[in-house]
Structure formats: structure tokens, C-alpha cells
1. With everything on Cα atoms, drop me the angle between helix 16-32 and the longest principal axis of the chain, reported from 0 to 90° to the nearest 10.
2. In degrees between 0 and 90, to the nearest 10, how far off the longest principal axis of the chain does helix 36-120 point, with axes built from Cα atoms?
3. Taking only DSSP H segments of four or more residues, each worth -39500 (n - 2.57), what value at 222 nm results for the chain once the sum is divided by all its residues, to the nearest 500 deg cm²/dmol?
4. I'd like the FRET efficiency for A86 and L61, computed as 1/(1 + (r/R0)^6) with the beta carbon distance as r and R0 of 41 Å, rounded to 0.05.
5. Please go through the residue pairs K29/K59; K97/K117; K25/K59; K79/K107 and name each one whose alpha carbons sit more than 32 Å apart in this structure.
6. Compute the distance in nm between two label points, each set 7 Å from the Cα along the Cα-to-Cβ direction, one at R104 and one at T173.
7. Near K146, which lysines are there with a Cα under 29 Å away, not counting those fewer than 8 places off in the same chain?
8. Could you point to the label whose value was computed as Cα Rg over 2.2 N^0.38 Å for the structure here, given (i) 1.08; (ii) 4.25; (iii) 1.00?
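Laboratory data are not the source of any read-out in this text; all were calculated from the coordinates shown. Please read these numbers as outputs of a predicted model, since none were measured by experiment. Please note: Cβ atoms are built from the backbone with ideal geometry, for glycine as well, and neighbour counts cover all protein chains shown.
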Amino acid sequence: EVIRKRLLIDGDGAGDDRRINLLVKSFIKWCNSGSQEEGYSQYQRMLSTLSQCEFSMGKTLLVYDMNLREMENYEKIYKEIECSIAGAHEKIAECKKQILQAKRIRKNRQEYDALAKVIQHHPDRHETLKELEALGKELEHLSHIKESVEDKLELRRKQFHVLLSTIHELQQTLENDDKLSEGEEGQAASVDTDPKP
């Protein structure tokens, strides 16, 4: 409890309050000193206490200055860290963009490779044009053949029609001839059966 109270009264524990109290007591003793030797002794004690107080004050000022410099240094470090974090975020964003671009390029390359494999299975353009030209010529030749066959078929159809017409006319003629023959034979028979006058 005593130590706690002393620390609370003393502040940071440097003993400044105690030294000031001792200085005041020494000053009062010096003022009340009877002999010169006792006064000189009290005077020396006061100087010693003042030196200690000045030393403590100087030390405190140095600590204060050091703390200010440390705060400035920490502030500078804090700003540098913030700048580093911002730079790291920018780099991360840039890396993400690069990764997306790399993925897109890789996907395009895979698609290009797949298309190249498909294209390799097919003949090149020169050969394809040659085949198309050959097929065109063959198609034209077949078209001529088709036209020729159709012309021949039409001619044969007309000839067959003429043949059928001729056959039909011939049948009519034969039938007419048969009828005439039968008519003549009937007349002849009737003539033979008639009595002679």
C-alpha cells in the first residue's frame, strides 16, 4: 500500500516531489541554521539537491524530445506502411488483371489449337479448289449426258407414238379390209343362192 501511494504521488517514479520537498526543508534549515558550518553544509545539500533536480529535469526533457522524435518517426513509418499497403493493393489489382488476361490468352490458344487440329484433318484450299473444279467438270459432263439422254428419250417417245399411231391405222385398215372382204363374200354367196331367170 505504501509503495502504491508513493508511486501515485511520485508520478513516473523519478522522485521529483521528494527532492523538491527535501530542497524546501534544506532551505528552511539553512535559513534557521545558527552556525556558519551548519549553514555551509545545508547550502551544499541544497546545491546537490538542485543539481539532482536539474539533472532529472534535463533527463525528462531529453526523454520528452526522444518521445517526440519517436512519434514523428512512428508517424513517418505509419505513412510509409500506408503507402506500401496502397502500392500492394494496386499491385494485387494489376496482378489480377494480368491473371485474367493470361487466362483469356490461354483459353484463346486452346481454342486455336483445337481449330488447328480440326483444320489439319481437312485438305488445304488448293486441293479443295482442284476437287471442286473436277466435280464441277464432272457435273457439267453429267448434265450434258442427262440432256442427251432426255433428248433421246423424247425422240424415242415421239417415234413410239408414231409407231403406235401407224399400228392403230394399220389395224383399222386391216379391219376395214376384213369387213369389205366379208361383205364381198356375203354378196357373192347371195348371188350364188339366187335362182337364175
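1. Once rounded, the angle reads 20 degrees.
2. That helix lies at roughly 10 degrees to the long axis.
3. Numbers: 4 runs with 180 residues, N = 197.
The helix-only estimate for the chain comes to -34000 deg cm²/dmol at 222 nm.
4. Numbers: r = 37 Å, r/R0 = 0.91.
With R0 = 41 Å, the Cβ-Cβ based efficiency is 0.65.
5. Values: K29/K59 28 Å; K97/K117 30 Å; K25/K59 24 Å; K79/K107 42 Å.
Over 32 Å apart, Cα to Cα: K79/K107.
6. Label-label distance for R104 and T173, simple model: 9.3 nm.
7. K130, K137, K158
8. Here the calculated entry is (ii).
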